[in-house]
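Colleague: What follows is a structure written as structure tokens; I'll ask about it next.
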Amino acid sequence: MFNKRVKIKELLTWEPAQQEVTVMGWVRTFRNNQFIALNDGSTNTNLQVVVTLGQYDDDFLKRITTSCSLKVTGTVIPSQGKGQKLEIKANTVEILGDSDAEKYPLQPKKHSLEFLREKAHLRFRTNTFGSVFRVRHALAFAIHKFFHEKGFLYLHTPIITASDAEGAGEMFRVTTLPFDNPPREADGSINFKEDFFGKSTNLTVSGQLEGELGATAFGDIYTFGPTFRAENSNTTRHLAEFWMIEPEMAFNDLEDNMNLAESFIKYIIRFAMENNREDLEFLATRLAEEEKSLPVDKRSEMGLIEKLEFVLNNDFERITYTEAIDILLQSPAYKKKKFQYDVKWGIDMQSEHERYLVEKHFRKPVIVSNYPKDIKAFYMRQNDDGKTVAAMDILAPGIGEIVGGSQREERMDKLEARMKEMHIPADELWWYLDTRRFGTVPHAGFGLGFERMVLFVTGMSNIRDVIAFPRTPKSAEF
Ligand code: 4AD
Ligand code: MG
């Protein structure tokens, strides 16, 4: 009966009173042939298991090595050691799986995050990744809780699609056609009618278009699934496979959309603060340690917990794109030519510009709205000025863009005209346009990049360290 085990996190809340328990986990360290630090992944805090001297022969004790797996039955007693309330006095110790200490790649010492990325199949067994992935779990759970409480319907949008939701052409093709000799049309182009789906298909870049179909029937929906972008961006903020949360709301405008996004972000942060305090405190200490090696002016002004509290307790700043450009043009950084990329109305702001706004100028999350239409997607609602669209991005300190959203163009004539201008094939999106044909309504939505959110909450600095098995250019190990 394996299920009779007590998880260490739960056990550590007990009052020690000679209870008989069974625990299972992996050995972190074994000292003096007597003290086992056992970890089962439920918390970073190891359980001390005390083996009575003389109870086992040397050959058995030698097999208790870092990362071997154990089943221990014993009694819960008050701990003599400092920093722990209780420990287990072992009655029986069973080795479930041996582990050759010479070959096990992780030593009970500090490893660099780069090294651990190469060992991503084992890095969950470290404290840093233990905390990161428990926080990631909590955020995912909080996301469903938030939307469920607000009466949103969780819609599973497809992963394989024939459309490009963002119109940016950054798609991974899905095909079963042979590479060496694909069927061809008379003009030499590939004949996708012969392909598995009878047309050219790709992995989705966003569930939004299907999300709009859901919103125009259910009112409020959200998606939460993997999305794929074949953009060759080798940065600490980009993945080729990432998870995105996309709510879509009927009877909703840009301001409603911004309000929802802000309260959503605060809700999930609050949930993690209330439920994962121990992990966040561990990550806060880790971050403070890591930053000690940086020059003073490169260190964060606030600790991790302080930063999260600050975000919870302050309104996000809201400015228009035009105001953002003005701030940049007035900035000492611009005047002293500190920006690598030029600033003028119409540019797609680079991360150096976004980070100036949030980190130097406002020092808090900023919602930028009403972007030039030429740098945004075809589905965004056109403003009366003829130049901008009802878009909004949320920029977070240390991250840059964390949310991208908009009010959608619900007017058929305007949408069709814009699609034509942008060479978006209207015939392939006939089903999308049907929402505008049959009872169109004002509606809006946004996408939150889940890994960027996890980065923000955990204080980690590389997006490869907050997803279990990162997919990035030239890398798809594990
Ligand atoms: O701004 P994006 O491209 O917006 C959309 O996809 C819309 N369809 C969303 C919507 O309105 N329903 O992407 C949304 C967010 C970005 O703000 C960013 O946080 C994240 O997704 N994101 C990425 N995260 C990791 N790696 C990448 N390559 C990302 N590209 C976008
Ligand atoms: Mg965007």
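The values are calculated or read from the model by the stated rules, or taken from the named source; none is laboratory data. Bear in mind that the values here come from a model prediction, so they are computed numbers and not experimental data. Note: ideal-geometry Cβ built from the backbone for every residue, glycine included; neighbour counts use all protein chains shown. The protein model used for the area step is the full one, side chains on, heavy atoms only, and it has no ligands, DNA or RNA in it. Shrake-Rupley method; radii C 1.70, N 1.55, O 1.52, S 1.80 Å.
Colleague: Could you compute how fast segment 1-143 diffuses translationally, taking Rh as the Kirkwood radius over C-alpha pairs and applying Stokes-Einstein at 10 °C with viscosity 1.306 mPa s? Give it in µm² per second.
Modeller: Details: Rh = 16.1 Å.
In µm²/s, the coefficient is 99.
Colleague: Oh, and also: Return P(r) of segment 121-172 (all Cα-Cα pairs; 5 Å bins starting at 0; whole %; ordered from short to long distances).
Modeller: Answer for segment 121-172: a P(r) of 4, 14, 13, 11, 12, 19, 19, 7, 1 percent.
Colleague: Is the chain rounded, prolate or oblate when judged by the Cα gyration tensor, a ≥ b ≥ c being the square roots of its eigenvalues, rounded requiring a/c under 1.5 and prolate requiring a/b larger than b/c?
Modeller: On the way: a/c = 2.19, a/b = 1.74, b/c = 1.26.
Prolate shape, in that a/c is at least 1.5 and a/b is the bigger ratio.
Colleague: Okay, next question. Along the charge dipole of segment 187-251, Cβ charges K/R +1 and D/E -1, which of T204, N232, A217 sits furthest on the positive end?
Modeller: Checked the options; the winner is N232.
Colleague: If you don't mind, another one. What is the ratio of the Cα radius of gyration of segment 351-416 to 2.2 N^0.38 Å, with N the residue count, to two decimals?
Modeller: Expressed relative to 2.2 N^0.38 Å, the Cα Rg reads 1.24.
Colleague: Let me ask another. If we sort 131-140, 446-455, 180-189, 345-354 on the protection proxy, mean other Cβ atoms within 10 Å, highest first, what's the order? It would help to have the intermediate numbers written out before the result.
Modeller: Numbers: 131-140: 21.2, 446-455: 23.6, 180-189: 8.5, 345-354: 16.0.
Top to bottom by mean Cβ count within 10 Å: 446-455, 131-140, 345-354, 180-189.
Colleague: Cβ neighbours within 10 Å, averaged per peptide: list 98-105, 373-380 in order, most packed at the top.
Modeller: Working: 98-105: 12.0, 373-380: 19.5.
Put in order of decreasing packing, that is 373-380, 98-105.
Colleague: Per residue, how much accessible surface does the chain expose to a 1.4 Å probe? Answer in Å², no decimals. Present the calculation step by step, with values, prior to reporting the outcome.
Modeller: On the way: 23880 Å² over 478 residues.
Value returned for the chain: 50 Å² of accessible area per residue.
Colleague: Using the per-residue mean of other Cβ atoms lying within 10 Å as a proxy for protection, in what order, highest first, do the peptides 49-55, 67-73, 317-323 fall? Provide the component values of the computation, followed by the final result.
Modeller: Working: 49-55: 14.7, 67-73: 18.7, 317-323: 16.9.
Averaged packing, sorted descending, gives the order 67-73, 317-323, 49-55.
Colleague: Right, something else. Whole number please: convex hull volume per residue of the Cα set in segment 199-330, in Å³? Write out the running numbers ahead of the final one.
Modeller: Numbers: hull volume 26.4 nm³, N = 132.
Here the figure is 200 Å³ per residue.
Colleague: Solvent-accessible area of L153, probe 1.4 Å, all protein chains present, reported in Å² to the nearest ten, please.
Modeller: Counting only protein heavy atoms, the figure is 60 Å².
Colleague: Here's a follow-up. Apply the membrane-span-like helix rule to the chain: whole DSSP H runs, Cα extent along the own long axis of at least 20 Å, mean Kyte-Doolittle hydropathy at least -1.0. List the helices found. If you can, show how the numbers build up before the last one.
Modeller: Working: long enough: 127-149 (33 Å, 0.20); 254-275 (32 Å, -0.04); 277-291 (21 Å, -0.86).
Counting only whole DSSP H runs, the qualifying helices are 127-149, 254-275, 277-291.
Colleague: Still on this structure: At a 1.4 Å probe radius, which order do R471, R286 fall into by accessible area, largest first? Kindly include the intermediate steps, with their values, before the conclusion.
Modeller: Numbers: R471 55, R286 25 Å².
Accessible-area ranking of R471, R286, largest first: R471, R286.
Colleague: With point charges of +1 on the Cβ of Lys and Arg and -1 on the Cβ of Asp and Glu, referenced to the Cα centre of the chain, which listed residue (L153, Y267, I88) lies farthest in the positive direction of the dipole?
Modeller: Result: I88, furthest along the dipole toward the positive end.
Colleague: Quick check: at a probe of 1.4 Å, how many percent of the accessible area of the chain sits on carbon and sulfur atoms? Provide the component values of the computation, followed by the final result.
Modeller: Values: 12300 of 23880 Å².
It is 52 percent, rounded to a whole number.
Colleague: Compute the normalised compactness of segment 266-318: alpha-carbon radius of gyration over 2.2 N^0.38 Å, N being the residue count. Working shown, then result.
Modeller: On the way: Rg = 12.5 Å, N = 53, 2.2 N^0.38 = 9.9 Å.
After normalising by residue count via 2.2 N^0.38 Å, the value is 1.26.
Colleague: Can I ask one more? Largest first, how would V296, V441 line up by accessible area (1.4 Å probe)? Don't jump to the answer; show the numbers that get you there.
Modeller: Numbers: V296 110, V441 25 Å².
Greatest to least solvent exposure: V296, V441.
Colleague: Specify whether the C-alpha gyration tensor of segment 96-221 places it in the rounded, prolate or oblate class, a ≥ b ≥ c being the square roots of the eigenvalues: rounded for a/c under 1.5, otherwise prolate if a/b is larger than b/c and oblate if not. Before the final figure, lay out the partial values.
Modeller: Details: a/c = 3.41, a/b = 1.38, b/c = 2.46.
Oblate is the answer for segment 96-221, as a/c is 1.5 or above yet b/c matches or exceeds a/b.
Colleague: Something else now. Tabulate in residue order the Karplus-calculated ³J(HN,Hα) for segment 25-30, using 6.51 cos²θ - 1.76 cosθ + 1.60 with θ = phi - 60°, rounded to whole Hz; enter x for Gly and Pro.
Modeller: 3J(HN,Hα) across segment 25-30, in whole Hz: x, 10, 6, 8, 8, 9.
Colleague: Then there is this: What does the charge dipole of the chain about its Cα centre add up to, to the nearest 20 debye, if the Cβ of each Lys and Arg holds +1 and the Cβ of each Asp and Glu holds -1? Don't jump to the answer; show the numbers that get you there.
Modeller: Values: 62 positive and 70 negative charges, 324 e Å.
It works out to roughly 1560 debye.
Colleague: Assign one of three labels to segment 191-247, namely rounded, prolate or oblate, based on the Cα gyration tensor with a ≥ b ≥ c the square roots of its eigenvalues; rounded applies when a/c is under 1.5, prolate when it is not and a/b is larger than b/c, and oblate otherwise. Before the final figure, lay out the partial values.
Modeller: Details: a/c = 3.48, a/b = 1.07, b/c = 3.26.
Here segment 191-247 falls in the oblate category.
Colleague: First obtain the Kirkwood hydrodynamic radius of segment 365-459 from its Cα pairs, then insert it into the Stokes-Einstein equation at 4 °C and 1.567 mPa s, and state the resulting D in µm² per second as a whole number. Don't jump to the answer; show the numbers that get you there.
Modeller: Numbers: Rh = 14.5 Å.
It comes out at roughly 89 µm²/s.
Colleague: Could you work out [θ]222 nm for the chain from helices alone, using -39500 (n - 2.57) per DSSP H run of at least four and dividing by all its residues? Round to the nearest 500 deg cm²/dmol. Could the numbers behind the result be given before it?
Modeller: Values: 14 runs with 142 residues, N = 478.
After summing the helix terms and dividing by residue count, I get -9000 deg cm²/dmol.
Colleague: Let me ask something additional. Could you put D384, D297 in order of accessible surface area, largest first, with the 1.4 Å probe and the full protein assembly present?
Modeller: On the way: D384 155, D297 125 Å².
Result of the area sort, largest leading: D384, D297.
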